[in-house]
There are 4 protein chains.
Amino acid sequence: RFREDTGEAIGILKTGAFNAITDVPRVKVGQVTLFSSSDIRTGVTAILPHDGNIFQQKVPAAVFVANGFGKMAGISQVNELGNLETPVVLTNTLSVAAGMEGLITYTLAQPGNEKVRSVNAVVGETNDGFLNDITGRHVRPEHVLQALKDAKTGKVDEGNVGAGTGTICFGWKGGIGTSSRVLPSKSGKYTVGVLVQTNFGGVLEIKGIPVGKNLGKYFLSDQLNDPADGSCLIVVATDAPLSHRNLERLAKRAWSALARVGGIASNGSGEYVLAFSTNEKVRIPHNQPGPTQTLEEVHNDAMSPLFLGAIEATEEAILNSLWAARTVSGKNGVSEELPREQVKKMLKR
Amino acid sequence: RFREDTGEAIGILKTGAFNAITDVPRVKVGQVTLFSSSDIRTGVTAILPHDGNIFQQKVPAAVFVANGFGKMAGISQVNELGNLETPVVLTNTLSVAAGMEGLITYTLAQPGNEKVRSVNAVVGETNDGFLNDITGRHVRPEHVLQALKDAKTGKVDEGNVGAGTGTICFGWKGGIGTSSRVLPSKSGKYTVGVLVQTNFGGVLEIKGIPVGKNLGKYFLSDQLNDPADGSCLIVVATDAPLSHRNLERLAKRAWSALARVGGIASNGSGEYVLAFSTNEKVRIPHNQPGPTQTLEEVHNDAMSPLFLGAIEATEEAILNSLWAARTVSGKNGVSEELPREQVKKMLKR
Amino acid sequence: RFREDTGEAIGILKTGAFNAITDVPRVKVGQVTLFSSSDIRTGVTAILPHDGNIFQQKVPAAVFVANGFGKMAGISQVNELGNLETPVVLTNTLSVAAGMEGLITYTLAQPGNEKVRSVNAVVGETNDGFLNDITGRHVRPEHVLQALKDAKTGKVDEGNVGAGTGTICFGWKGGIGTSSRVLPSKSGKYTVGVLVQTNFGGVLEIKGIPVGKNLGKYFLSDQLNDPADGSCLIVVATDAPLSHRNLERLAKRAWSALARVGGIASNGSGEYVLAFSTNEKVRIPHNQPGPTQTLEEVHNDAMSPLFLGAIEATEEAILNSLWAARTVSGKNGVSEELPREQVKKMLKR
Amino acid sequence: RFREDTGEAIGILKTGAFNAITDVPRVKVGQVTLFSSSDIRTGVTAILPHDGNIFQQKVPAAVFVANGFGKMAGISQVNELGNLETPVVLTNTLSVAAGMEGLITYTLAQPGNEKVRSVNAVVGETNDGFLNDITGRHVRPEHVLQALKDAKTGKVDEGNVGAGTGTICFGWKGGIGTSSRVLPSKSGKYTVGVLVQTNFGGVLEIKGIPVGKNLGKYFLSDQLNDPADGSCLIVVATDAPLSHRNLERLAKRAWSALARVGGIASNGSGEYVLAFSTNEKVRIPHNQPGPTQTLEEVHNDAMSPLFLGAIEATEEAILNSLWAARTVSGKNGVSEELPREQVKKMLKR
């Protein structure tokens, strides 16, 4: 991983034990990788906010749409009702429907949901159509169910895995990455965990080193004068008890980390951040007696350390996605991994 | 239809020839109705902005989310890029994914789209789960393809048809409705057409007559103390050349018409308005040479007559949906049609 | 007032004791009317959410921008932080700055605010420039201070008073209006109060009676083919403990009531709704120990009765503004009052 | 300036002739600095999009609210109508009203505006209350008029000048900064210019060098454990012919540059970006014959180079603001300038 391999930290805050989104207690990640024949390079990454019945025990959530050129499903309900009632599924652009079908099937089948007839499936995507036979729509609902079933806490696989199997980032092989930060005690000791699916472009910089420029591969360069497109999906989890409104603010900050590595949110780069809180003090039961609910929430003035944590973790998650990814050949050619040894030399300054 | 049967006009503007969304030149509507066994009561309604390749010749569009409790797909891209690149499909809540699959298959198969690997499918829904076996997910992608194939200009079927087959409105059988308005010459002679899928509640009023109250069926009444939920999808078409921004404004006004018939946008009532312009002067080619495009757009100051037209047409479309709908029994019971003769007596004041 | 004079109710819910925004406990209204020489026809209307130090004890609030053609100040902070830290001031378009100065002076002078150096003044406006010498900017900060000082609970003056002194609505003299609704016990017995400053146009309808059309005065008619412009400011208060998010939803519904009387939100009609909650269980202290706060909030599922209340109260507040207003001559001519006796005859159907 | 003093470039694009917002043809900047007695440390910075009558010849514009904790005036109208009808004024938090008064007076007095009675004054602010006697409200409308009168093309003063006289950035003296980028010919050769008023915090980094950490002054450090608050106002000008929608997208990218220097958009940091286009092909006349207008606009696919330009210019503008600022003592103490020589050593890696 970036930190271990380079000896370089990102930012000033400490990481959690796994330096992963799963450092947020109860969060689980499950992934299914579809890598077969010469052109199936795709998959599913599922994030579960807790291991109960999520529909019956919804979590506060918000989506920030940084660049809406994308097909993420379930956005408007998350932002209207302020909550998430399914796991979050990431996959490829043309498999959002399969992701929804999987989540609906999963939710309807959960004990306690027998009477449910409305499910807001949340599915994000990026376009892996360079390496993957995307129009073949190889992701099926059963892959989603498998990812949900396999989900676990602890270590998270990164790089060419799940929804990151076929993605490309800054012209190099991208994929899934994750990282986390733990706030100091005086700031509440909360954890912020991030998972990214990186498929975007721009002018790669790592800790200010113009890696893209040094390697001659960047937006508007001769070698990479493509539209820098792609996308980036970011999922932010925290155990801080947050309202929808402050989750939306947190999501916005997470996005700004893309600029730190040279992202430009190019026209075709769909960039979405979904943030949720796992804290039980803000959990939202599906059925509630009486008109009111008691909550305990972080107030505005205490949000800034969380903002910093989300930015740092997002930046490191992106770097981890690049660090873990390996060269892949696929439908339309080869996507090479970042030349890590070269980059490490650049970082020794 | 409401106007013919009651002799009552809605508003001050004239209707188009069909008093339908298809009065906007080139707009086509196709519907597939699934009505079988005792509990399949659902379907698909598709609206096509023109009869060319919509992906290659996108139309300016905007979505106004009035109440985001709903699963409409494709929203963020429409609002980010300001355009629509597929037909609009309406169906039931748990069949949005099927709608997307259908639209993706349709788009990929169109001549000229061979290289396409990203499609923003726009699918709206309301929940027909009282009459329909919604968890059975009976709508399939092929039904969407059929609706698209069957689409035609001219007269539009209303009531228990297509996506309106199983919907309920103000406690009575709802469904699909449509209407249109033509502006006076001094306002540009533009046409505004509206199609609605009515599945929402509140306190029904028709031209100010408290129909719901008179019939003892309204939100918070003893007889109908359910949560007034449901939803309403509204599609607004116009041949006025409008920017995304002014289409969003137009969409917002269309929504306000729900209040005119007693809609309250209850918590569970997902209410979305999609508006698009068919005018060729604002058409957006998928590939464009050079960085700029020349357009001709209605400016802000000339928008107000269109706003009035959208409000009037939406109100009348809702009434038409109620007028055309007929009593249906389904999965969980019977939904009765509005007692039109009684209402007509109330209207004679 | 409309209800007393016509014997007609609006909607199905009961009003509060004063049928005014002041039925929400602790809410106070203060108004200063500037009516002098031949062309000063303007003023200030101030609404206070409680009688403590509002900056130190902020209230949850949200602004819904229905049509942003207007100059309302303080919007972004209300929506970002989810609260209101000053009273709300309404005045004319070119006096928003004076309104801000007044609110800042008021806030800085309150005991306990000695260290304050940032104040988010919330000021709404409509354009009274037909009757009023608006470019003379006759409203001064001291008028704001006077309105705040004079604010009281109980009966609220309506019509040509305060910020409504010079406004015009549907071609007739408009002004300030107010109304309230009390929810049934099973819905929490909460009160929703509304105050409006009416200065907008369209095609006036009262309980479905086409008053504007009958009187030959409506948008696009020969007699009134002006752009139907003007504006409408709506303030919604409630003692229901609501989050920012649900206050925004409430505000949105209040706006839809304009369509019920024939409003079209014409291009030039700035339409803004500010909603706040006075409930102490959601009060937001300026300084809070520790990172979290405990709250008790109405959950999503219990919102619908409040939505209905806000719509009914807004409709009746608009009618009250028209009912109380009287013919005024001013800078550019005469604005006539609604011919109430004629309208009452129309209402007897 | 940063580039000249350090020999370091920011990004890959070329700057304009002045490396300033005034590289966009016709854009003018005027500043008034109030620096007197021991505690008046404030001022006004005005940006004019062209030298004609801006009210009569409006320019397309958009505001992106990154963190709405701020008092920026005129936002909703800019975003609703998609245009700017006054110059943009920056000042301190409690002088927004004075800024509005100045802009209204300026606009009403322009030849050709004799009939104007509605003006949307656009005024941004940051809080200079540490150095400045902000509650004294020393900025007056006449200072705004002076700044507008003095406005000129060419070189722009930076640092402790105009609205930057009393601002603080990352714990060091901040102020006004500016920069620009010119796109390659193949991307349209457009210019993007940025002006910033820096008053925000976080963990300062310059080209990836952890300057804040190295100097022991950063958010959450022992030395600087204040809330990292303040604000940042960003104005983006371009001669590319852009729609409101694409200007809003451009504004969003400009904001992301704050993260590149370690900004975290802390809770109390109001961050707003206003972007406008000076291109005559998208100019919006106040009165237009007929309902439509012909425009020529950059289409979505050609936006990405502009996005890159806005990010680079914003980053460099921030650095320029720090580079030009000098140590100042004021009302509540001293704000020291960035130790540039130390930083230059850090940059030699």
*Among the candidates C:4, C:85, which residue alone is of a type in the set (D, E, K, R) and within 14 Å of chain D (Cβ to nearest Cβ)?*
C:85
*Of the conditions (1) farther than 15 Å from residue A:236 by Cβ; (2) surrounded by fewer than 24 Cβ atoms within 10 Å (Cβ to Cβ); (3) in contact (Cβ under 8 Å) with a residue 12 or more places away in the chain, residue A:70 fails just one. Which one is it?*
(2)
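Against the condition of a type outside the set (Ser, Thr, Tyr), modelled with pLDDT under 95 and either on the phi < 0 side of the Ramachandran plot or open to solvent by 10 Å² or more (accessible area, probe 1.4 Å) (or both), how does residue A:197 come out, does it pass?
no
Take the residues of the stretch C:300-332 that are away from every other protein chain (no Cβ under 14 Å) and open to solvent by less than 30 Å² (accessible area, probe 1.4 Å): which is farthest from the chain's Cα centre (by Cα)? Lay out the reasoning, then the answer.
Looking only at the stretch C:300-332, we keep the residues that are away from every other protein chain (no Cβ under 14 Å), and these are C:317, C:320-329.
Checking the rest, the ones that are also open to solvent by less than 30 Å² (accessible area, probe 1.4 Å) come to C:317, C:320-323, C:325, C:328.
On the way: C:317: 9, C:320: 12, C:321: 11, C:322: 14, C:323: 16, C:325: 15, C:328: 21 Å.
Step by step, filter the stretch C:300-332, then rank; the result is C:328.
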*Please find, among A:297, A:271, the residue that is crowded, with 22+ Cβ neighbours inside 10 Å, within 13 Å of chain C (Cβ to nearest Cβ), assigned to a strand (DSSP E or B) and in contact (Cβ under 8 Å) with a residue 24 or more places away in the chain.*
A:297
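For every residue, the table says whether it meets (1) within 11 Å of another protein chain (Cβ to nearest Cβ); (2) over 26 Å from residue D:329 (Cα atoms); (3) among the basic types (Lys, Arg).
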{"site": "D:57", "(1), (2), (3)": "no, yes, no"}
{"site": "D:67", "(1), (2), (3)": "yes, yes, no"}
{"site": "D:89", "(1), (2), (3)": "no, no, no"}
{"site": "D:92", "(1), (2), (3)": "yes, no, no"}
{"site": "D:108", "(1), (2), (3)": "yes, yes, no"}
{"site": "D:118", "(1), (2), (3)": "yes, yes, no"}
{"site": "D:123", "(1), (2), (3)": "yes, yes, no"}
{"site": "D:129", "(1), (2), (3)": "yes, no, no"}
{"site": "D:137", "(1), (2), (3)": "yes, no, yes"}
*What about residue B:35, is it within 14 Å of chain A (Cβ to nearest Cβ) and among the aromatic types (Phe, Trp, Tyr)?*
no
*Residue that is more than 30 Å from residue B:64 (Cα to Cα) and part of a strand (DSSP E or B), where the choices are C:64, C:35*: C:35
*Leading residue by the ranking (most open to solvent (accessible area, probe 1.4 Å)) among those in the stretch A:333-349 that are in a loop (DSSP other than H, G, I, E, B) and under 16 Å from residue A:168 (Cα atoms)*: A:336
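Can you tell me which residues in the stretch C:164-189 are out of contact with any Leu (no Cβ under 9 Å at 6 or more places or on another chain) and either under 30 Å from residue C:221 (Cβ atoms) or modelled with pLDDT of 95 or more (or both)? It would help to see each step written out before you state the result.
To start, the set of residues in the stretch C:164-189 that are out of contact with any Leu (no Cβ under 9 Å at 6 or more places or on another chain) comprises C:180, C:185.
Of everything in the stretch C:164-189, just one residue is out of contact with any Leu (no Cβ under 9 Å at 6 or more places or on another chain) and either under 30 Å from residue C:221 (Cβ atoms) or modelled with pLDDT of 95 or more (or both), namely C:180.
Taking residue C:43 as the residue in question, decide whether it is more than 23 Å from residue C:251 (Cβ to Cβ), at pLDDT 95 or above and surrounded by fewer than 23 Cβ atoms within 10 Å (Cβ to Cβ).
Values: more than 23 Å from residue C:251 (Cβ to Cβ): yes; at pLDDT 95 or above: yes; surrounded by fewer than 23 Cβ atoms within 10 Å (Cβ to Cβ): no.
No; evaluated as a whole, the condition is false for this residue.
If I filter the stretch C:304-322 for residues that are touching a residue at least 24 places away in the same chain (Cβ under 8 Å) and more than 30 Å from residue C:191 (Cβ to Cβ), do I get at least one hit? Talk me through it step by step, then tell me what you get.
Taking the stretch C:304-322 and keeping what is touching a residue at least 24 places away in the same chain (Cβ under 8 Å), we get C:305-322.
Filter once more, keeping what is more than 30 Å from residue C:191 (Cβ to Cβ): none.
So far as the stretch C:304-322 goes, no, none of its residues is touching a residue at least 24 places away in the same chain (Cβ under 8 Å) and more than 30 Å from residue C:191 (Cβ to Cβ).
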_Extreme residue, nearest to the chain's Cα centre (by Cα), among residues of the stretch C:235-264 that are more than 14 Å from residue C:306 (Cα to Cα) and among the β-branched types (Val, Ile, Thr)_ = C:235
*Could you tell me whether any residue of the stretch B:92-105 is touching a strand residue (DSSP E or B) at 6+ places or on another chain (Cβ under 6 Å) and within 17 Å of residue B:193 (Cβ to Cβ)?*
no
*Can you name the condition, by its number, that residue B:136 falls short on among (1) touching a Gly at 6+ places or on another chain (Cβ under 9 Å); (2) farther than 26 Å from residue B:342 by Cβ; (3) open to solvent by 10 Å² or more (accessible area, probe 1.4 Å)?*
(1)
*residue C:215 versus (1) closer than 22 Å to residue C:177 by Cβ; (2) within 12 Å of chain B (Cβ to nearest Cβ); (3) surrounded by fewer than 24 Cβ atoms within 10 Å (Cβ to Cβ): which is the lone unmet condition?*
(2)
*Can you tell which of D:77, D:57 is open to solvent by less than 10 Å² (accessible area, probe 1.4 Å) and touching a Lys or Arg at 6+ places or on another chain (Cβ under 9 Å)?*
D:77
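With B:283, B:340 as the choices, which residue is more than 21 Å from the chain's Cα centre (by Cα), within 14 Å of chain D (Cβ to nearest Cβ) and of a type in the set (Lys, Arg)? Before you say what the answer is, go through the steps one by one.
Values: B:340 fails: within 14 Å of chain D (Cβ to nearest Cβ).
The unique qualifying residue is B:283.
Of the residues B:115, B:149, B:155, which single one is open to solvent by 30 Å² or more (accessible area, probe 1.4 Å), among the basic types (Lys, Arg) and in a helix (DSSP H, G or I)?
Values: B:115 fails: in a helix (DSSP H, G or I); B:155 fails: in a helix (DSSP H, G or I).
Every option except B:149 fails the conditions.
The values are calculated or read from the model by the stated rules, or taken from the named source; none is laboratory data. Here the structure is a predicted model, which means the values were calculated and not measured. With ideal geometry, Cβ positions are generated from the backbone for all residues, glycine too; neighbour counts draw on all protein chains shown. Accessible surface areas use protein heavy atoms only, side chains included; no ligands, DNA or RNA. Shrake-Rupley method; radii C 1.70, N 1.55, O 1.52, S 1.80 Å.
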